[in-house]
Amino acid sequence: MKKFAKSHEWVEVEGKTAVVGISNHAQEELGDVVYVDLPEPGKEVKKGEVLCTIESVKAAADVYSPVSGKVLEVNKNLEEKPELVNESPESNGWLVKLEIVDESELSDLMDEEEYRKFCESEG
Amino acid sequence: MGKELKNSPLHNEHTRLKAKFTEFAGWYLPLEFEGTLKEHKAVREVAGVFDVSHMGEIIIEGPDAVKYADFLVTNDVTHLKPGQACYTPMCNENGGILDDLIVYKITTEKIMMVVNAANTDKDYKWITSHASDFDVEIRDVSNDYALIAFQGPKSEELLQSLSSVRLSTIPYYSFTYGRISGVPCMISRTGYTGEDGFEFYVDPEAAVILWRRLHDIVKTSGGALCGLGARDLLRLEAGYLLYGNDMDESTTPLEAGLSWTVKFEKGTFIGKEALLEKKKKGLEKRLRGIVVEDKGIPRPGDSIVVSNEEVGTITSGGFSPMLGKGIALAYLKIEYAKEGTDVGVVTKRKELKARVTKPSFYRGSVRSR
């Protein structure tokens, strides 16, 4: 099940692996994505730190890691097809897979319904 | 709260089509309809329709209209024939650029200046306050016109089916009057995209009819309605400057790469002495193009460096779909402004390898002057 952060990232955990991407709402706000600056595998990030940067036609946006962990894999398809972030933000347009260290960090993230309400309240 | 934002006469159309909006120069305008990249591609390959009704229009009329317009701007207005137009900066006494605009010679006694939305009030005040020695009447007619641009390599072909005006007979930077889809317009072969195209000055009441008709023809031909996002990207690729970003009152046309619009050999004009002086003394900075070789996008405000020394600043930047690279306009210290110079662009996160180029990255179907 996906969990969402207030900064509009999602994370989906399977065992020790967390897949991270940005929400559909976030890609709509960003506009057409032209480049994703992905981290090197092995890089360690703490929850809330910058995980990668997405460049759209409008601006550069930092993506914050919704959980702490070590980068296992990045979505190589985004090198040739950054538009996957727009077309399929919550599936094929995933960004990074992390090895998570502390599952309790997921508890303050929102589920899909809570996140939808959060976006509505943000206007 | 600031001043209330102005809406275009086509605002309800844009809302109905669920455009994404943005604030620009005091106006609430469409940023994109279907996505900036798709709209950009449509204009490069077929045609795009833009609502640019926010632009300001100022009329100078009277026996001295041409003489006065020529005194206000750096380019030569006296040599234009009725039905011709020119692009020109308008400078203050120091040679600083007050605005960049298009001067249309409607008759030998009537000039229309089309100015940037953000500068309309400032320009109107400037123009009225320098007119005392000239027999002219000046009117801000911005509210009398909607302005729709139709741009792209197929623009002439697609429009011809809507008009009995022989569009092929209108040269670049010329204009005529006629109907497009029954709507009376001033039809101008001008644009801001690097492609061939036309701009239509129409009665705001009639603008919706024309807009819908143009929407119909782009829908069936692979074209698109376009927002400001595509407009900004297209003009950047074409190397066209944006007032407020790439020039302002602290820059002269000489530094901005607009020397071709400064006609020292014509009669006197505001800023002439200062510009001559500047030309004699030599420039300290110059606007150049920057092409990024690394992956990454330059943005306004990013610094340009050469071996850790800051040598310039980016004023416009973005991703060029035609080059598949980051491109930018930047002011560079003159000793680093040579084409081919290797430079670095310091973005928020890293330094990108880049090269100094001509400030024109892509030339499409646009006619030559």
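A short reminder: the numbers here are calculations on the coordinates, not readings from a lab. What you see is a predicted model, and the numbers here were worked out from it, not measured in a lab. Note: ideal-geometry Cβ built from the backbone for every residue, glycine included; neighbour counts use all protein chains shown.
Does A:E122 satisfy the criteria of being within 14 Å of chain B (Cβ to nearest Cβ) and free of Cβ contacts under 8 Å to residues at least 12 places away in the same chain?
no
Go through A:E83, A:E29 for me and flag whichever is within 14 Å of chain B (Cβ to nearest Cβ) and either of a type in the set (F, W, Y) or in contact (Cβ under 8 Å) with a residue 40 or more places away in the chain (or both).
That would be A:E83, the only listed residue that is within 14 Å of chain B (Cβ to nearest Cβ) and either of a type in the set (F, W, Y) or in contact (Cβ under 8 Å) with a residue 40 or more places away in the chain (or both).
What is the residue count in region B:35-84 for residues that are assigned to a helix (DSSP H, G or I) and among the aliphatic types (A, V, I, L, M)?
Of the residues in that region, 7 qualify.
Quick check on my filter: what residues within region B:105-158 are among the hydroxyl-bearing types (S, T, Y) and assigned to a helix (DSSP H, G or I)?
B:T120, B:Y124, B:T128, B:S129, B:S142, B:S155 - these are the residues of region B:105-158 that are among the hydroxyl-bearing types (S, T, Y) and assigned to a helix (DSSP H, G or I).
Identify, please: which residue in region B:317-356 is within 10 Å of another protein chain (Cβ to nearest Cβ) and of a type in the set (S, T, N, Q) and is, among those, nearest to B:K38 (Cα to Cα)?
By that ranking, first place goes to B:S320.
Determine whether A:K2 is out of contact with any Leu (no Cβ under 6 Å at 6 or more places or on another chain) and away from chain B (no Cβ under 14 Å).
Yes: the conditions hold for A:K2.
Does region B:268-278 contain any residue that is within 14 Å of chain A (Cβ to nearest Cβ) and more than 23 Å from B:E32 (Cβ to Cβ)?
no
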